[in-house]
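Undergrad: Here's a structure for you.
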Amino acid sequence: MASTAGTVPEPGGRTYTLLGADRRLYRSAAPGRFGGHRKSRIYGRLDCPAALRAIVGGGYAAHRVFFADERTAVAARYRPCAVCLPGAYAAWKAR
């Protein structure tokens, strides 16, 4: 799976840095739909209450990464957040 497919930014347009399935950063014209924490290897929704609390507490933001979609986060070997993705977390835990 190519992590940069369809992500060529428009000239002069805004770009976003996302993490691909190969765990390499790449530039995208579209913002990430999921956020993650590089050290704990957890991904979740951008409005996750646990992640927002961690960001306010400091330190978390330095290790924050973003994914184009959930499939990419899973391919990069990140696990779902138990707080904001309880169904995906339960399925991951059952494996």
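The values are calculated or read from the model by the stated rules, or taken from the named source; none is laboratory data. Note that the coordinates shown come from a computational prediction; the quantities given were computed from them, not determined experimentally. So basically every Cβ, Gly included, is an ideal-geometry build from the backbone, and we count neighbours across all protein chains shown.
Undergrad: Six or more apart or on different chains, Cβ under 8 Å: which pairs go from a residue in segment 29-52 that's farther than 13 Å from Cys81 by Cα to one that's among the hydroxyl-bearing types (Ser, Thr, Tyr)? Could you list them?
TA: Ala29/Thr7; Ala29/Thr15; Ala29/Tyr16; Ala30/Thr7; Ala30/Tyr16; Pro31/Tyr16; Gly32/Tyr16
Undergrad: Could you tell me whether any residue of segment 66-82 is surrounded by fewer than 14 Cβ atoms within 10 Å (Cβ to Cβ), in contact with a strand residue (DSSP E or B) (Cβ under 9 Å, 6 or more places away or on another chain) and of a type outside the set (Asp, Glu)?
TA: No, that holds for no residue.
Undergrad: Just to be sure I understand the filter: pairs with C-beta atoms under 6 Å, separated by 6 or more residues or on different chains, first member in segment 83-95 and surrounded by 11 or more Cβ atoms within 10 Å (Cβ to Cβ), second member assigned to a helix (DSSP H, G or I). Which pairs pass?
TA: What qualifies is Val83/Ala50.
Undergrad: For segment 65-83, indicate whether the set of residues that are modelled with pLDDT under 95 and of a type in the set (Val, Ile, Thr) is non-empty.
TA: Scanning segment 65-83, I find no residue that is modelled with pLDDT under 95 and of a type in the set (Val, Ile, Thr), so the answer is no.
Undergrad: If you don't mind, another one. If a residue has to be more than 18 Å from Tyr89 (Cα to Cα), under 8 Å from the mean Cα position of the chain (by Cα) and assigned to a loop (DSSP other than H, G, I, E, B) to count, how many in segment 12-40 make the cut?
TA: Matching residues across segment 12-40 total 1.
Undergrad: Something else now. Considering only residues that are part of a loop (DSSP other than H, G, I, E, B) and either at pLDDT 95 or above or touching a Gly at 6+ places or on another chain (Cβ under 9 Å) (or both), which ones fall in segment 41-60?
TA: Arg41, Leu46, Asp47, Cys48
Undergrad: Restricting to segment 41-65, what's the tally of residues that are over 18 Å from Trp92 (Cβ atoms), surrounded by fewer than 17 Cβ atoms within 10 Å (Cβ to Cβ) and of a type in the set (A, V, I, L, M)?
TA: So the count comes out to 6.
Undergrad: How about segment 78-95: which of its residues are more than 16 Å from the chain's Cα centre (by Cα) and in a loop (DSSP other than H, G, I, E, B)?
TA: If the condition is that a residue be more than 16 Å from the chain's Cα centre (by Cα) and in a loop (DSSP other than H, G, I, E, B), then Arg95 is the only one that fits.
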